[in-house]
Every structure is written in C-alpha cells, then in structure tokens.
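See below for the structure under consideration.
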Amino acid sequence: MFQFPAMSHEYVLKPFAPEIRLNIDYARELNEQQFAAVTALPGPALVIAGAGSGKTRTLTYRVAYLLEQGIPAERILLLTFTNKAAGEMMRRVSDLLGHELRALWGGTFHSIGARVLRLHAATLGYQRDFTILDRDDAKDLIKACLLDAKIDTKDKQFPKAEVLNEIFSLAANTHQTIAELVAGKFSYFAAFVEQIADQHKRYLARKCATNGMDFDDLLALWLKLLQDHADVREQFQRRFQFILVDEYQDTNKLQGDLIDLLAARHKNVMVVGDDAQSIYGWRGANFANILDFPKRYPGAKVFKIETNYRSTPEILNVANAAIAANVRQFAKELAPARKSGVKPALVQCQDAGQQATFIAQRALELREEGTSLNEICVLYRSHFHALELQLELTRRQIPFSITSGLRFFEQAHIKDATAFLKFVANPKDEVSFKRLVLLLPGIGAKGAEKIYQGFTARMADGGIPLIRPSATFSPTGGEGRDEGATDAKKNPLPSLATALQSCTKAVPKKAAVPWAQFVATISQLEADDTRRSAAKMLRLVMDAGYDDYLKETFDNYERRLEEIQQLAEFAFQFGTVEEFLTQLALLTNVEAEADPADDSEKIKLSTIHQAKGLEFEIVFIIMLCDGLFPSSRSTESSDGEEEERRLFYVSITRAKNELYLCYPLIRGGFGQTGADIFQSPSRFLSEIPKDLINEWNLR
C-alpha cells in the first residue's frame with residue numbers, strides 16, 4: 001500500500017488524533033482502477049468515473065484511506081450536489097468506519113456554504129441568524145423591489161418576478177453581468193436591461209437589509225468572503241487539506257471558482273465525475289470545469305475508472321459508439337463486468353401511435369416473462385414526447401408513474417392554453433373563465449368574480465344578439481357604431497364574444513385594451529372553421545399573444561412554447577375538441593391519482609435529465625428523430641449537439657439487460673393543413689454500427 005509523505009498539520013483544532021486502522025484490504029475490495037484512485041498520493045487528481053463504474057464506492061474508500069493515513073476528519077471536505085447523495089456518501093463512510101464521523105465536513109455545496117456563512121456572517125454585514133430564502137421568498141422580495149420602483153409588470157412587457165429571479169440566479173452562478181446575460185439568453189428583454197440591472201441592485205440591498213440570503217448567496221457570498229477577507233481565506237485553505245468533489249461535471253463557474261480557491265494552498269483536490277454525463281449546460285453547468293481541470297492544475301493525475309458493473313457488453317458497445325463522435329471529451333471505453341446478453345433493438349415505427357402500442361405490448365410480454373413493471377423505464381428528451389404513450393397505457397389500463405418533475409398536464413402554461421378550449425366548449429366553466437381573466441393585467445380575484453357574474457347574467461337573459469351591426473365589435477374595447485341591419489346580417493358575431501363584449505364596463509381601465517384583445521381571440525376561437533379543431537385553436541391562442549405572456553412570466557419560455565406547439569400536434573389525432581379535452585382529462589386524472597407511497601408495480605416514464613443516476617432492467621428510449629432528439633435548437637451549435645449526444649449516452653447507460661431505441665417515421669401534422677410530417681431518424685442512430693443492434697421494422 002502506498003504511504004503518504006509526512007503531512008504538515010498546520011491548522012489543528014484539537015490534539016491530533018491517533019492513526020486510524022480499519023483493516024480494509026483495498027486491493028481486494030476495489031478493482032485495479034478504483035484502487036489507483038483511492039490510494040493516490042497527495043496532489044490534484046481528476047477521476048473520470050464512467051457510468052456504472054462505482055464512483056460512490058471510490059469516493060467513500062478514498063475518505064477511509066485518508067483517515068488511515070493520519071489525516072484528521074475535520075481536515076477533509078466532501079462536496080456533493082444533492083442531499084440524497086450527501087446522505088448516501090456519509091452513510092457509506094460510517095459503514096466503513098463502523099461509526100458516525102461527525103468531524104468530517106460533508107454535504108452539498110449549499111449546506112457547506114451556509115455553515116461557513118453562519119460562522120462569518122458579521123464579516124459580510126449580516127447577522128448570524130440570517131434567513132435562507134427559498135424560491136418563493138425570493139420572488140416575493142423581488143416583487144417588493146418592483147413595487148418600490150413603481151414598476152408594474154402587467155402594464156408592459158417587463159419580466160415578472162419569476163423571470164427576474166432566474167436572471168439574477170444565472171448571473172450569480174455563471175459570473176456574468178446582467179447586461180451580458182440578457183444579451184445572450186434573454187435578448188427579448190434588451191430594451192429593459194438598465195431597469196433589470198437596477199432591480200438587481202435593489203434586490204441585493206434589500207436582502208442585506210432584511211438579513212436574508214437566497215440559495216445563490218450561499219455560494220456567491222461564500223466566494224466573496226474568501227476573496228475579500230484574507231484571514232478567513234487562509235483559515236479555510238489551511239483547514240481543508242483534502243477536498244473531494246462528487247459529480248464534478250455538473251459544477252458551474254461559481255462552484256468551480258470556490259473549489260479552486262479553497263484548494264489553492266495544498267492543491268490536494270480530487271474531483272470525480274464523467275465528462276460524458278455533463279448534461280446540465282442549460283441551467284448553468286460549466287463543462288469547461290472538468291475538461292480544463294488538467295490545464296488549471298498542471299501535473300494533475302488523471303485516473304479513469306472504466307469497468308461497468310451495470311450493463312451487458314452489448315449495451316456498453318452501443319454506449320461507447322454513441323459517445324465516440326464527440327470531439328471535446330476524455331476518451332474512454334466502458335468495459336463490461338457482466339456476461340453477454342441480447343443486442344439492443346432499433347425499432348422503426350410508422351407513427352407515434354404505433355410506437356406507443358409497441359411499448360405497451362412489449363411491456364406486457366416482459367411482465368409475463370417475469371420482469372416487474374417497476375424495472376421497465378421509458379425515457380424521452382422532452383415531456384411532450386410521451387403524450388401518445390400515456391394515452392395508450394391509460395387505454396390498456398397498464399399502470400405507470402411519471403417521474404419527469406411536474407406532471408405535464410399540471411403545468412401552468414398547459415392549463416392556460418387548454419382553458420381557452422374548455423371555455424369555448426363549455427361557457428359555464430367558471431374555473432376556466434376566471435383562469436383566463438386573471439391572466440389579464442389589472443384584474444384580480446374580486447374583479448374576475450364581478451366580470452364572471454356579469455357574463456353569466458348576460459348569457460342567461462336570452463337578450464344577446466347573435467348578429468351585430470358591421471362595426472359594433474371594436475378590438476379596442478369601444479362601443480362601436482350602430483349601422484344598418486343589412487350589413488349586420490352579413491357579419492354574425494359569435495355569442496360568447498358578444499356576451500364578453502357586453503361586460504366591458506366592468507373591466508378596469510388599465511385592462512381595457514387586453515380585454516378587447518381577449519374578446520377578439522374568443523371571437524376567432526369560436527368561428528366555425530376554427531372551433532372544430534383543437535389544434536387550430538391552440539395555434540390561434542399562441543398567435544393571439546399568449547406567446548408574449550410566456551416570455552414575460554416564465555424563465556423557461558422556449559421550452560413552454562415548444563410544449564404547447566407539440567400539444568397542438570398531438571391534438572390533430574382527435575376528431576373533435578370535446579374528444580381531445582376528454583382524453584386530456586382522463587390522462588390528468590391518472591396522473592393526479594399517483595401516490596408517492598404506492599409501491600405497486602408501475603412502468604416508469606421519465607425525462608432523461610430526471611433519470612440520471614438511476615438504472616433499470618429494461619429501457620425504452622423514444623422519439624429518436626432529428627429535431628426531437630437531438631432537439632432542433634441544440635443542433636445550431638457544435639457545443640449544443642455534443643451535449644445532446646451526452647444526453648443520449650446517459651439514456652443508454654441507464655439500461656442493465658435490454659435496450660430499445662425507438663423512432664416514428666411520421667408525426668401528426670401541424671399548421672393550416674394538418675398534414676402529416678415525415679421525420680428523419682436521429683443523427684445519433686447513424687453513428688451506431690449496424691452490427692451492434694437488431695433492427696425491428698414495425699411498418
């Protein structure tokens with residue numbers, strides 16, 4: 001066993017603990033590559049741990065090894081990304097030691113940051129009992145700043161508090177100025193960049209004045225503390241002689257700088273991760289952190305752990321081929337520890353409906369063969385890719401659970417868009433009516449109730465004309481002119497729009513123009529040529545201004561817009577609006593009934609991002625079509641395409657025994673004609689040699 005050279009214990013908080021002997025046979029309990037990393041000599045080290053290679057095992061044994069070499073537990077800092085990962089890591093360390101190790105500083109970046117800031121809050125002008133603001137708290141404080149500045153986000157296309165919060169957060173985590181971030185990611189707010197920057201200053205000042213820190217501050221102020229106060233910086237640089245970082249490929253610029261600053265004295269930093277699984281660039285993760293580690297730490301040792309204990313050789317062959325085309329990567333080759341199995345299947349389907357039918361049928365067959373539904377997972381790039389599958393599983397009464405974050409049909413933008421359809425289909429739908437009215441500026445709950453009461457009264461009194469004089473309805477909300485009945489008969493006005501128009505006097509003045517636009521939208525939606533098609537109605541909703549509402553209201557505007565567009569494509573398969581809404585209600589009800597404590601068998605449906613770190617006996621990857629996976633936006637740059645390829649690699653490496661790569665040739669049409677769209681198989685599929693897969697043609 002390697003022996004550490006004599007270490008200098010410069011910052012001893014208590015008498016040095018006697019050397020710990022755990023009687024661990026590292027060479028026997030670890031494979032050769034793991035052993036090399038665990039027993040590495042002091043100094044910077046990058047451990048590239050491939051999927052299913054025992055990354056957590058390597059880190060926990062490294063902690064044990066350091067303790068055996070005489071490193072006090074309080075000199076070790078172990079950083080992870082999630083509370084779950086931190087708990088698992090600390091539990092495994094305790095299991096190895098046979099007791100808890102309370103002196104070890106181990107936890108998430110944010111928990112360690114909070115711990116440091118509690119000790120030194122006064123140095124930054126805070127009190128030690130500062131409040132940690134969650135996301136809702138942060139939005140409320142931003143709203144207070146907007147109120148102070150007399151900015152009404154409903155009066156113009158100024159970003160709302162949720163969007164401002166995202167801008168401020170990304171600026172902190174990527175070390176960009178507000179101007180740089182708006183120019184690059186939120187260009188549609190360019191006209192407001194000075195006001196947004198002013199709001200940022202107000203927000204920072206208000207947090208300090210109220211003794212509050214948000215989650216980004218736990219990192220940003222931790223870094224500021226170390227950068228601006230040499231005595232504190234030296235204290236922690238001396239204290240943490242060894243720094244271990246999990247999932248290093250997911251660190252952002254701020255986290256990377258924190259690690260580099262803490263490790264600047266001893267440079268005993270071991271970062272563990274897999275560059276091939278870096279898939280969070282869209283939320284600020286900085287791929288350069290792991291890629292450039294050897295440049296920032298000259299002489300750093302690079303260890304590769306490539307033995308995979310999860311998947312069959314056949315699945316690993318496909319995974320290795322799938323990632324090979326990426327230029328920016330540490331070359332690696334996953335090697336199997338398991339015996340041979342079946343080749344992955346490439347399944348060509350006629351359309352999304354046939355794809356759904358195939359998966360449902362194959363899942364039932366696998367269940368008959370002895371595989372639990374819990375061990376079957378369907379992975380997809382985006383929420384909307386699984387709509388047809390959810391419908392098919394519901395029809396067949398095959399139980400499934402969705403682990404893709406917030407359920408698709410419960411998302412605000414989906415409920416907003418479908419509320420237009422529900423209201424036109426059923427004018428008595430109070431919930432949908434009020435949801436739509438509350439989207440308009442200057443109308444609150446009381447105002448919505450007043451307008452609703454007036455609307456229902458007008459609908460009930462039977463006195464609403466179904467035709468109008470030629471200029472009675474004005475898109476500006478005015479009363480219009482009363483002209484000849486001859487022209488009126490040529491211009492019938494749908495009854496809903498007429499009833500809404502009659503409620504104009506109950507609408508606040510500041511909402512007059514948006515109300516008129518809303519009335520005009522309803523008028524268009526209930527026109528005969530539109531009312532018969534849910535897809536056309538959804539498209540019209542977007543064209544009528546809901547697109548702008550998304551920009552102002554949500555931080556992930558582009559994804560939400562894409563989901564509504566794809567919902568419209570999904571809607572083309574239904575004969576009537578009522579049929580479409582019925583199926584949506586059934587699917588929503590199935591989702592709503594899901595019980596987290598329910599341990600009965602269910603097929604897992606998940607986005608790939610949500611499934612990272614998980615594994616399943618059987619995996620289906622669906623909608624492998626160019627423009628869907630990879631997404632159309634990602635292929636606009638080489639970096640974007642490479643991240644999508646890494647996402648594909650992550651999805652493949654979730655499978656243990658069987659893998660099915662599925663794609664439809666046709667998607668339901670969209671646009672004016674509703675014609676079917678022919679699709680090309682994902683470019684990633686062409687990069688897999690044909691001899692590695694079995695091709696199934698279901699057409």
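Ordered by residue, what ³J(HN,Hα) values in Hz, to whole numbers, does the stretch 281-296 give under the Karplus form 6.51 cos²θ - 1.76 cosθ + 1.60, where θ = phi - 60° and Gly and Pro are x?
In residue order, the calculated couplings are x, 5, 10, x, 4, 9, 4, 5, 4, 7, 5, 9, 3, x, 6, 6 Hz.
Apply 1/(1 + (r/R0)^6) to the Cβ-Cβ distance of SER638 and ASP547, taking R0 = 25 Å, and write down the FRET efficiency to the nearest 0.05.
The calculated FRET efficiency here is 0.30.
Near the amide H of GLY627, under 5 Å away, which other amide H atoms are found, from residues 5 or more places off or on another chain, if H is placed in the peptide plane?
Residues meeting the criterion, in which the H sits 1.01 Å from N, are SER632.
Alpha carbon centre of the stretch 496-547 versus the stretch 55-82: separation in Å?
61
How tilted is helix 412-425 with respect to the longest principal axis of the chain? Cα atoms for both, answer in degrees (0 to 90, nearest 10).
That helix lies at roughly 20 degrees to the long axis.
Quote to one decimal, in nm, the extra length available between ALA345 and GLU88 on full extension: 0.36 nm per residue of separation minus the C-alpha distance between them.
Extending this stretch completely gives an extra 89.1 nm.
Using just the helices of the chain, give the 222 nm mean residue ellipticity in deg cm²/dmol: DSSP H runs with n ≥ 4 each add -39,500 (n - 2.57), and the total is spread over all residues, rounded to 500.
Value at 222 nm, helices only, nearest 500: -13500 deg cm²/dmol.
GLN227 versus ASN556, label points 7 Å from Cα toward the beta carbon: distance in nm?
Using points 7 Å along Cα→Cβ, the separation is 2.9 nm.
Among LYS160/LYS446; LYS301/LYS690; LYS185/LYS224, which pairs are too far apart, with a Cα-Cα distance over 28 Å?
LYS301/LYS690
Give the separation of the Cα centroids, the stretch 96-154 to the stretch 175-190, in Å.
After rounding, the separation between the Cα centres reads 25 Å.
For LYS656, which lysines qualify as cross-link partners when the Cα separation must be under 19 Å and same-chain residues fewer than eight apart are set aside?
Hits, sequence-local ones excluded: LYS55, LYS339, LYS343, LYS602, LYS604, LYS612.
With respect to the cross-link table entries LYS207/LYS434; LYS505/LYS536; LYS143/LYS422; LYS143/LYS434, which display a Cα-Cα separation exceeding 26 Å?
LYS207/LYS434; LYS505/LYS536; LYS143/LYS422
In whole Hz, with x marking every Gly and Pro, tabulate ³J(HN,Hα) for the stretch 431-436 from phi via Karplus 6.51 cos²θ - 1.76 cosθ + 1.60, θ = phi - 60°.
Whole-Hz 3J(HN,Hα) from phi for the stretch 431-436: 4, 5, 4, 5, 4, 5.
Tally the DSSP beta bridges in the chain and give the antiparallel ones as a percent, rounded to 5.
For the chain, the DSSP antiparallel bridge percentage is about 10.
Please turn the phi angles of the stretch 99-116 into ³J(HN,Hα) values with the Karplus equation 6.51 cos²θ - 1.76 cosθ + 1.60 (θ = phi - 60°), one per residue in order, whole Hz, x for glycine and proline.
6, 6, 10, 5, 6, 5, 7, x, x, 6, 3, 5, 5, 5, x, 4, 5, 5
Can you tell me the length gained on complete extension of the stretch ARG367 to CYS208, counting 0.36 nm per residue apart and subtracting the Cα distance?
Here the segment from ARG367 to CYS208 would lengthen by 51.5 nm.
Testing the spin-label approximation: label points 7 Å from Cα along Cα→Cβ at ASP134 and ASN697. State their distance in nm.
Distance between the two pseudo-spin positions: 5.5 nm.
Taking Cα centroids, how far is the stretch 365-406 from the stretch 256-282 in Å?
Using only Cα atoms to place each centre, the spacing works out to 36 Å.
Straight distance only, please: which aspartates and glutamates reach the Cα of LYS304 with their own Cα at less than 17 Å, same-chain residues fewer than 8 apart left out?
GLU32, ASP246, GLU247, ASP274, ASP275, ASP292, GLU333
Hey, what's the chain come to in accessible area per residue, 1.4 Å probe, Å²?
Accessible area per residue, the chain: 43 Å².
Simple spin-label model, 7 Å along Cα-to-Cβ: ASN23 to LYS450 in nm?
For the pair ASN23/LYS450, the computed spacing is 8.1 nm.
Explain nothing, just the number: relative contact order of the stretch 313-435, from Cα pairs under 8 Å at least 6 residues apart, as a whole percent.
18
Which one of PRO42, LEU605, ILE376 has its Cα pushed farthest toward the positive end of the charge dipole of the chain, where Lys and Arg give +1 and Asp and Glu give -1 at the Cβ?
Looking along the dipole axis, the top candidate is PRO42.
PHE400's amide H: which non-local residues (gap 5+, or another chain) put their own amide H closer than 5 Å, with H modeled 1.01 Å from N in plane and none for Pro or chain starts?
ILE603
Name the long-range amide H neighbours of ASP351: under 5 Å, sequence gap of 5 or more, or other chain; modelled H, no Pro or chain starts.
LEU665, ILE666
Which percent of the accessible area of the chain is formed by carbon and sulfur heavy atoms (probe 1.4 angstrom)?
That share works out to 50 percent.
Which of the three applies to the chain, rounded, prolate or oblate, going by the alpha-carbon gyration tensor with a ≥ b ≥ c and a/c under 1.5 meaning rounded?
Taking the square roots of the gyration eigenvalues as a ≥ b ≥ c, the chain is oblate.
The values are calculated or read from the model by the stated rules, or taken from the named source; none is laboratory data. Note that the structure is a prediction, hence the values are computed from the model and not measured. We place every Cβ from the backbone using ideal geometry, glycine too, and count neighbours over all the protein chains shown. Ligands, DNA and RNA are excluded from the accessible area calculation, which covers all protein heavy atoms including side chains. Shrake-Rupley method; radii C 1.70, N 1.55, O 1.52, S 1.80 Å.
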